[in-house]
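The values are calculated or read from the model by the stated rules, or taken from the named source; none is laboratory data. Just so you know, these numbers come straight off a predicted model, no measurement behind them. So basically every Cβ, Gly included, is an ideal-geometry build from the backbone, and we count neighbours across all protein chains shown.
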Amino acid sequence: MSNDHRITLECTDLSKTYFSTDPPSQVLHGIDLAVRTGEFLVVMGASGSGKSTLLYSISGMDRPTSGNVLLEGRELTSLDDAEMSRVRLTRMGFIFQQAYFLSNLNLQDNILLPALKAAPEDKDGVIKRVDALMERFGIDHVKRHGVTQVSGGQLQRASICRALAGEPAVLFADEPTGALNSSMSTEVMNALTDVHGDGTTIVMVTHDPACAARADRVVYLRDGLLIDTREQGPWTEDQAKQREDDLFAWLSDKGF
Ligand SMILES: Nc1ncnc2c1ncn2[C@@H]1O[C@H](COP(=O)(O)OP(=O)(O)OP(=O)(O)O)[C@@H](O)[C@H]1O
Ligand SMILES: [Mg+2]
């Protein structure tokens, strides 16, 4: 395992077997993956190939059956549940296909909640940071709205604000545009591209080549094995179409 300071997150020989099924099903088979600091990495693959399982196993949402995960040089698999929760709260941000917000809190309070829990002593700092994030991502004017009183795109941008409020080392996203129409999806991808531009490390699962085209690198998962990697380099708007076409061809070769 390397101590390369340019690697923020690294897993080695990561395997996951679900024992809830009979017979048990091995879903990940010895995955090696190193995410560079500031990298925007996308994981693609067919439905059921193990993308979410991989994301959960490297982010401490679930425990791998074997293998190692290093975040900022710290071994995660040996942490107990409380330590793991703390690392998730303070060093990781999460965005899912559906935004999980509390319906009894307005948008702003939902965004503030985890960051305030992580750093109660820095209440003013957290509020300032969240205000700036909401302004930046264009949801300032709906901050007092309930979560059912905003659009899907606004809600997903609120998820991004919530995920970033604690200044995470890695932002994990599992199909963040999966439930959005294409204009909202572009909105959210513009926001994530911006976040990446700030130097935030992002690991995102997506089915959508237009979203994946934004990433620095795409890895392809088949039946729980990483079978291919594609370096795309930094994304620019004027190459968007070409990148998407090239990526699409790469994916088609794999039967995607
Ligand atoms: N908790 C679980 N218990 C048992 N099997 C599971 C569990 N979670 C996932 N699986 C199985 O593991 C395999 C991989 O699931 P996973 O959700 O990681 O796939 P995915 O690539 O994210 O798929 P999708 O694109 O549909 O989201 C699937 O066969 C799934 O049925
Ligand atoms: Mg999934």
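Tabulated results
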{"quantity": "Within the range 20-45, tally of residues that are over 18 Å from Ala215 (Cβ atoms), within 11 Å of ligand 1 (Cβ to nearest atom), of a type outside the set (Ser, Thr, Tyr) and modelled with pLDDT of 95 or more", "calculated": "4"}
{"quantity": "Helices (runs of 4 or more DSSP H) enclosed by the range 139-256 - at least 3 residues per element that are loosely packed, with under 14 Cβ neighbours inside 10 Å", "calculated": "182-197, 240-253"}
{"quantity": "Condition check for Val195: under 19 Å from Leu41 (Cα atoms) and within 16 Å of ligand 2 (Cβ to nearest atom)", "calculated": "no"}
{"quantity": "Qualifying positions in the range 144-163 - more than 12 Å from Ala191 (Cα to Cα) and touching a strand residue (DSSP E or B) at 6+ places or on another chain (Cβ under 7 Å)", "calculated": "Arg144, His145, Gly146, Ala163"}
{"quantity": "Helices (runs of 4 or more DSSP H) fully within the range 42-131 counting 2 or more residues that are within 21 Å of the chain's Cα centre (by Cα) and surrounded by 22 or more Cβ atoms within 10 Å (Cβ to Cβ)", "calculated": "51-58, 107-118"}
{"quantity": "Among the candidates Ser25, Ser47, residue that is near ligand 2 (Cβ under 10 Å from one of its atoms), more than 21 Å from Ser85 (Cα to Cα) and hydroxyl-bearing (Ser, Thr, Tyr)", "calculated": "Ser47"}
{"quantity": "Matching residues, the range 199-233, being over 19 Å from Ser52 (Cα atoms) and touching a Gly at 6+ places or on another chain (Cβ under 9 Å)", "calculated": "Gly199, Thr200, Asp216"}
{"quantity": "Those residues of the range 114-134 which are without any contact (Cβ under 8 Å) to a residue 12 or more places away in the chain and of a type outside the set (D, E, K, R), in sequence order", "calculated": "Leu116, Pro120, Gly125, Ala132"}
